[in-house]
């Protein structure tokens, strides 16, 4: 069962807004077992709308349209659809009455523009929009469906959930779709692909694998389409468990997990606390934990020791160490981790000291070099990594690599 | 001059990622004077790619494609374009050598999949991707252009800025377009619009004004299209200077300035240093400064005092203050700022203590409440703000409000 999504609005084409509606609709359609084959964004233009809807109907069974339903002149979606599907414009009483009440409550006069919002072609089934003035519309032609929804995200979402999805499921009958995502960290895409090639090759044909890389992790998605039983879901779980045993140190978790969230879960499980000493990450490592609600359960705090004076005076890194080995060194990373662990009284402590760039690199320590320290109840260690030349990506990767070092330590400690 | 954007990737169609690339590209094309007529998202599917590119070329002069250039089997954009534009696959030496160096520096073995990344059809002009392994490609046919870019946002952005936009302007001989953006902070969009209405009304007709709001600032963009002389640029500068005199305390700067970068510039100008004590912002305030290259010139460091013990033991906030007034209070905010200023030996110090949410709010101190402290050589003060119910937005606004408090202080001090 193929579907297409069309989002309408000049503001999308000039890049003034990011179209989040279509991603949300696509996710809901997929969950309900519909395949989304295309997403199209066009302007508030009659010819473009006609061409887009005709083009979509030629290839797909259902078309979901958002936007262009406002009361002003530039919003022409409704009139264009009325022309395409025929019928005469009539007043939808329920919409008319609700809009009158809503506007009166806000002290807004009910004018001609507002009244126009309640007019719909009599060829459409009206989908009542309880949270806005523009009603949704459901058209049918030759066993295919076209749905028009307002572009305001929360109005669109309510209509999709309450009206569109149940009606689509009733109108079309088809098998389920399942997607699961595993999160990996620490292997480049090509190395990961080579490492797990035998696992990938052994996958049954009905499971589709996709690599989804980002600077701080690579996600692997397995999908099964048009399924009749629960066995495909069970099979996906089994295959991911197999993968987890194959690359345990690179396997972070599932779905929305990140290195930081997986580390946080392990800290909670261990009943342990964390403190952080940051030089090159400059607050970003702390922020990756405190961005998550409930961080205070395990995150005590930390020191951003950007200057050497702060490293020495606040964290107690010996001046000799800084002079002899430099700020970016194994010795300084370990002294920073020890220092902040002692200062904050935490079970574990992480430290970062490196060269995020663009300046400050040398032959021996190029931009992208970082030493990460980890102090534990059983001792302190440090590891060196070398990443890229770009400051923002380096900061993100340094922070993720630090969290991952603690994650691996906690995995062993909890074993 | 009409353009279309095609984003390729199954992950877009199942709604797993929101396509931010196409909005960014659309904004840059519009700024350069190109009209974007459609944006299309399709899956990693040969037939769909061919149909989309052919369809776009039939109506538009230039087509920008992102995605589907990874080293794995599901990425088929390059091979499909090679089929469409003919030519034979050859190795791009520059890409090959750079990829080999990059991977070697990271200790990654150069395998068959990596080598494939350097293969390009000889009908394409290679656009060197300095930040990733997949090169961009520029194809021409009958006076029209098709560009293929990697889907990783920072790689795509670098290639668009350095290669694609200059080449498009040269190829299509576009008249000049000028855009200047002023950055404001501290007034809601509707209040800002009312405040500057007389300035807006007096603008000459050939200057177009756009409001570009985001959670932490509102940008005002003035544009002039298809211009022949420098007089329009001079006029834009004059109008913005007028605006600056009109709302001095809300006028942050120009173009890519942020509250943090404007504050950093003032710290440099004053030859002054900064330290930061963060509770609710949990590292994000420090990170907003250290994200900028050269932060070490003025940023000494700070303390993330997430727990009360760290506030007391490291920053020296009196236990009495914490018990009597609470962690979220004027008194604690001032003691934190004083504490970190003393600890790091900085000229200025900022502190944040508040309730980012979703939990932890009360009748008296609802979620979104923050006290911001500012310690200066001439004394210490604190201010309260109340923002929203959403944790990520609150953290961002708390940090921006803190930097802005210092910015205003430095503006007076330097006057």
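Matching residues to (1) outside the structural domain of residue B:224 (by TED's automatic domain parsing); (2) without any contact (Cβ under 8 Å) to a residue 24 or more places away in the chain; (3) over 25 Å from the mean Cα position of the chain (by Cα):
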position	(1), (2), (3)
B:17	yes, yes, no
B:22	yes, no, no
B:78	yes, no, yes
B:81	yes, no, yes
B:104	yes, yes, yes
- Message: Please go through (1) part of a strand (DSSP E or B); (2) outside the structural domain of residue A:182 (by TED's automatic domain parsing) for residue A:225 and return the number of the only condition it doesn't satisfy.
- Response: (2)
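The rows are residues; the columns are (1) at pLDDT below 95; (2) touching a helix residue (DSSP H, G or I) at 6+ places or on another chain (Cβ under 8 Å); (3) assigned to a loop (DSSP other than H, G, I, E, B).
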site: A:375; (1), (2), (3): no, yes, no
site: A:389; (1), (2), (3): yes, no, yes
site: A:392; (1), (2), (3): yes, yes, no
site: A:398; (1), (2), (3): no, yes, no
site: A:408; (1), (2), (3): no, yes, no
- Out of (1) touching a residue at least 60 places away in the same chain (Cβ under 8 Å); (2) buried (at least 17 other Cβ atoms within 10 Å of the Cβ); (3) not in a strand (DSSP E or B), the one residue A:277 does not meet is (3)
- Working carefully through the options A:333, A:327, find the one that is in contact with a helix residue (DSSP H, G or I) (Cβ under 7 Å, 6 or more places away or on another chain) and over 21 Å from residue B:284 (Cβ atoms). A:327
- Message: For a quick check of your reading: which helices (runs of 4 or more DSSP H) sit entirely within region A:286-362 and have at least 3 residues that are touching a residue at least 24 places away in the same chain (Cβ under 8 Å), within 12 Å of chain B (Cβ to nearest Cβ) and surrounded by 24 or more Cβ atoms within 10 Å (Cβ to Cβ)?
- Response: A:330-344
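In the set A:264, A:277, which member is more than 8 Å from chain B (Cβ to nearest Cβ), modelled with pLDDT of 95 or more and more than 25 Å from the chain's Cα centre (by Cα)?
A:277
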- Task: Output the number of residues of region B:212-236 satisfying the condition of being under 16 Å from residue B:184 (Cα atoms) and out of contact with any strand residue (DSSP E or B) (no Cβ under 6 Å at 6 or more places or on another chain).
- Result: 4
- So, in region A:372-399, of the ones that are touching a residue at least 40 places away in the same chain (Cβ under 8 Å) and within 14 Å of chain B (Cβ to nearest Cβ), which residue ends up surrounded by the most Cβ atoms within 10 Å (Cβ to Cβ)? A:399
- Within region B:222-231, the residues that are under 27 Å from the mean Cα position of the chain (by Cα) and either farther than 14 Å from residue B:179 by Cβ or modelled with pLDDT of 90 or more (or both) are B:222
- Among helices (runs of 4 or more DSSP H) entirely inside region A:149-220, those with 2 or more residues being touching a residue at least 24 places away in the same chain (Cβ under 8 Å) are A:153-159, A:165-171, A:189-195
- Message: If I go through region B:90-112 residue by residue, how many of them are crowded, with 18+ Cβ neighbours inside 10 Å and at positive phi?
- Response: 0
- With the checklist (1) over 30 Å from residue B:69 (Cα atoms); (2) surrounded by 20 or more Cβ atoms within 10 Å (Cβ to Cβ) in hand, flag the one item residue A:190 doesn't pass. (1)
- Item | Single match in B:70, B:87, B:33 (criterion: crowded, with 24+ Cβ neighbours inside 10 Å and touching a strand residue (DSSP E or B) at 6+ places or on another chain (Cβ under 9 Å)) | B:70
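The values are calculated or read from the model by the stated rules, or taken from the named source; none is laboratory data. Everything quoted here is computed from the prediction, not taken from an experiment. Glycine gets a Cβ as well: all are built from the backbone with ideal geometry, and neighbour counts include every protein chain shown.
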